[in-house]
Amino acid sequence: ADEIVRDIREYSNIRSRCREIPMTTNTLDITSLVGRPKVYWRGELATKTTSTAQFSEISLTPYSVAAIVVVSEELQADASIGTPTGGIIDLVQELIVEAIKEEEDRVFLTGSGTGRPTGISTYTPNRTVNAGGVLAFGHVNNCYLGIPQQIRGKGVWVMSNQSHLYVQNLQDAQNRPIYSDILLV
């Protein structure tokens, strides 16, 4: 047959939602704002209260992901697969790209930070919602409204299909779906 049956992979595509920071060294230190200045009311001609801004530093370490796939000259010469250009090399290249995307998505979500990036689920969030084992509409609402309003509209929900299905199927006391439109990504 002039085609190959491929398995279907699920990608969360975390990279497309990230900002890439070019690095030319083995580490990159970025200044982070920890505490904002405070303002105070005062009476006319009263002494002004001093305030400070607090900063810390985040150190980034680059990692790379790679793959080597060996294709024999015989396979390369004989194989004509139904890819856009019809070659096995094009197919292998597509497979490597898919594998890299899948691995990046996995590590960007759950990476330990040892020999690979630290995943977002590894960080301790500033706000948490404890569902006590049973997720309800109030938990989702509290989580959403706990995000600062200035950035709330720019964020996305990242979850597995199973979690997404569970949240989409949440119902109110009259068994009506809480979410009528798919609003989670």
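The values are calculated or read from the model by the stated rules, or taken from the named source; none is laboratory data. Note that the structure is predicted; figures quoted are calculated from it, not measured. Ideal geometry is used to build each Cβ from the backbone, glycine not excepted, and the neighbour counts take in all protein chains shown. Ligands, DNA and RNA are stripped out before the accessible areas are found, and what is left, the full protein with its side chains, is counted by its heavy atoms. Shrake-Rupley method; radii C 1.70, N 1.55, O 1.52, S 1.80 Å.
Results, tabulated for the structure shown:
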{"read-out": "Long-range neighbours under 6 Å by Cβ, at least six apart or interchain, first residue within 26 Å of L75 (Cα to Cα) and free of Cβ contacts under 8 Å to residues at least 12 places away in the same chain within region 90-116, second open to solvent by less than 50 Å² (accessible area, probe 1.4 Å) and not aromatic (F, W, Y)", "value": "D90/T83"}
{"read-out": "Cross-chain or 6+ apart pairs with Cβ under 8 Å, region 16-38 first and within 12 Å of S59 (Cα to Cα), then of a type in the set (D, E, K, R) and open to solvent by 100 Å² or more (accessible area, probe 1.4 Å)", "value": "D29/E57; I30/E57; T31/E57; S32/E57"}
{"read-out": "Scan of region 106-125 for residues that are aromatic (F, W, Y) and either in contact with a Cys (Cβ under 9 Å, 6 or more places away or on another chain) or closer than 16 Å to P62 by Cα (or both), ordered by number", "value": "F108"}
{"read-out": "Qualifying residue in region 115-130 (condition: of a type outside the set (D, E, K, R), under 16 Å from A66 (Cβ atoms) and modelled with pLDDT of 80 or more)", "value": "yes"}
{"read-out": "Residue list for region 27-41, filter: open to solvent by less than 80 Å² (accessible area, probe 1.4 Å) and of a type in the set (S, T, N, Q)", "value": "T27, S32"}
{"read-out": "Failed item in (1) modelled with pLDDT of 80 or more; (2) over 23 Å from S160 (Cα atoms), with T85 passing the rest", "value": "(1)"}
{"read-out": "Residue under evaluation Q93, criteria (1) at pLDDT below 80; (2) closer than 30 Å to T61 by Cβ; (3) surrounded by 12 or more Cβ atoms within 10 Å (Cβ to Cβ), criterion not met", "value": "(1)"}
{"read-out": "Qualifying residues in region 54-82 (those that are of a type in the set (V, I, T) and either open to solvent by less than 100 Å² (accessible area, probe 1.4 Å) or modelled with pLDDT under 80 (or both)) - the one nearest to N26 (Cα to Cα)", "value": "T61"}
